[in-house]
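Undergrad: Pasting a structure below so you can have a look.
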Amino acid sequence: MLSRTISRGPDDSRILNTGNGFLGFNRLAIMGLTPEGMQPFTLGGNAVVCNGELYRFRKMKERLIEKGYTFMSGSDCEILLPLYEEYGIDMFRFLDAEFALVLYDAERQEYIAARDPIGIRPLYFGRDEKGIPVFASEPKNLMGVCERTDA
């Protein structure tokens with residue numbers, strides 16, 4: 001599935017097994033150009049992949065550093081898991097961003113899929129033959145896995 005969009009993220013690819021599913025990411029390095037900026041990001045068992053741009057993230061990052069969080073990269077999306085730890089799903093109220101993301105909550109053993117309110121960054125979903133939800137940033141990632149996809 002991930003190889004179908006390698007052209008969108010030719011710099012690196014990674015798949016993380018959460019124990020309850022997989023998160024995959026093809027990287028186009030724009031921010032946080034070091035290897036530490038590669039996704040999925042993990043924190044305390046939680047994990048996230050995000051296709052997006054978080055505006056004014058540096059100010060939020062400074063506040064999170066004041067709360068004791070440390071960061072390994074200059075990537076804007078690295079702030080998502082600390083925001084989730086602090087605010088849960090209310091974190092989305094604080095984002096001025098265009099994004100599509102899938103976040104794994106290890107404690108609840110649940111996935112949260114979200115995108116910006118107007119869908120600048122699309123998020124497609126479908127179900128595989130076992131009925132398991134599958135998400136992707138392009139429908140071609142879901143072809144052959146899901147009979148039908150939605151945005």
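Just so you know, all these numbers are worked out from the coordinates, no wet-lab data involved. Keep in mind the model is a prediction, meaning the values are calculated, not measured. Every residue, glycine among them, receives a Cβ derived from its backbone with ideal geometry; neighbour counts consider all protein chains shown.
Undergrad: Compute the length gained on full extension between A106 and K130: take 0.36 nm times their separation in residues and subtract their Cα-Cα distance, giving the result in nm to one decimal. Display every interim value, and only then the final one.
TA: Values: separation 24, 0.36 × 24 = 8.64 nm, distance 2.20 nm.
Once the chain is fully extended between A106 and K130, it gains 6.4 nm.
Undergrad: While we're on this one: Compute, for the chain, the length of the dipole vector about the Cα centre, with Cβ point charges of +1 (Lys, Arg) and -1 (Asp, Glu) only. Units Debye, rounded to 20.
TA: Values: 18 positive and 22 negative charges, 47 e Å.
It works out to roughly 220 debye.
Undergrad: First check a/c for region 83-145, with a ≥ b ≥ c the square roots of the eigenvalues of its C-alpha gyration tensor; if it is under 1.5, answer rounded, and if not, answer prolate when a/b is larger than b/c or oblate otherwise.
TA: Numbers: a/c = 3.58, a/b = 1.38, b/c = 2.60.
Verdict is oblate for region 83-145.
Undergrad: While we're here: Calculate, for E147 and K59, the FRET efficiency according to 1/(1 + (r/R0)^6) with r their C-beta to C-beta distance and R0 41 Å; round to the nearest 0.05. Don't skip to the answer; put the middle values down first.
TA: On the way: r = 44 Å, r/R0 = 1.07.
Rounded to the nearest 0.05, the efficiency is 0.40.
Undergrad: Filter the chymotrypsin sites (Phe, Trp or Tyr not before Pro) in region 120-151 down to the DSSP loop ones having no more than 16 other Cβ atoms within 10 Å, then list what survives. Before the final figure, lay out the partial values.
TA: Details: sites: Y124, F125, F135; in loops: none.
Listed in order of number, the matching sites amount to none.
Undergrad: So how far apart, in nm, are the two label points at L2 and N17 if each is 7 Å from Cα heading toward Cβ?
TA: Placing both labels 7 Å beyond Cα along the Cβ direction yields 1.3 nm.
Undergrad: Here's another thing I want to ask about it. Amide H to amide H, which residues 5 or more places from R27 or on other chains are under 5 Å from it, using H placed in the peptide plane?
TA: Correct list: D11, D12, S13.
Undergrad: So what J values fall out for region 106-112 if you push phi through Karplus, 6.51 cos²θ - 1.76 cosθ + 1.60 with θ = phi - 60°, rounded to Hz, Gly and Pro as x?
TA: 5, 5, 7, 6, 10, 9, 10
Undergrad: Let me ask another. Checking the a/c ratio against 1.5 first, then a/b against b/c, what shape does the Cα gyration tensor give for region 29-79?
TA: Values: a/c = 1.57, a/b = 1.15, b/c = 1.37.
Verdict is oblate for region 29-79.
Undergrad: In percent, what relative contact order does region 2-150 have, based on Cα pairs under 8 Å that are 6 or more apart in sequence? Before the final figure, lay out the partial values.
TA: Numbers: 261 pairs, mean separation 28.2, N = 149.
Value for region 2-150: 19 percent.
Undergrad: Sticking with this one: Out of the DSSP beta bridges found with both residues in region 2-150, what percent are antiparallel (nearest 5)? Please list the in-between numbers first.
TA: Details: 29 of 31 bridges.
Taking every DSSP beta bridge with both residues in region 2-150, the antiparallel ones total about 95 percent.
Undergrad: Amide H to amide H, which residues 5 or more places from E98 or on other chains are under 5 Å from it, using H placed in the peptide plane?
TA: The answer is E53, Y55.
Undergrad: Please give, to one decimal in nm, the separation of the simple spin-label points placed at E66 and I118, each 7 Å out from Cα toward the Cβ.
TA: 3.0
Undergrad: Pick from N141, N17, N46: which is most flexible by mean-square fluctuation in a GNM of the chain where alpha carbon atoms under 10 Å apart are linked?
TA: Among N141, N17, N46, the largest GNM mean-square fluctuation belongs to N17.
Undergrad: In Å and on Cα atoms, what radius of gyration and Dmax does region 112-151 show?
TA: Rg then Dmax for region 112-151, in Å: 10.1, 30.
Undergrad: Another question, if that's okay. Pick out, in residue order, every one of the GluC sites (Glu not before Pro) in region 85-151 that is DSSP loop and has at most 11 other C-beta atoms within 10 Å; say none if there are none. Mind dumping the intermediate values first?
TA: Numbers: sites: E85, E86, E98, E107, E110, E129, E147; in loops: E107, E129, E147.
Of the GluC sites (Glu not before Pro), the ones in loops of region 85-151 whose Cβ has at most 11 other Cβ atoms within 10 Å are E107, E129, E147.
Undergrad: Then there's this: If you average 1/r across every pair of different Cα atoms in region 2-150 and take the reciprocal, what Kirkwood value do you get, in Å? Please report the intermediate quantities before stating the final value.
TA: Values: mean 1/r = 0.0633 Å⁻¹.
About 15.8 Å, per the Kirkwood formula over Cα pairs.
Undergrad: Filter the trypsin sites (Lys or Arg not before Pro) in region 96-151 to those in DSSP coil with at most 16 other Cβ atoms within 10 Å of their Cβ, and list the result. Working shown, then result.
TA: On the way: sites: R108, R115, R127, K130, K140, R148; in loops: R108, K130, R148.
Filter output for region 96-151: R108, K130, R148.
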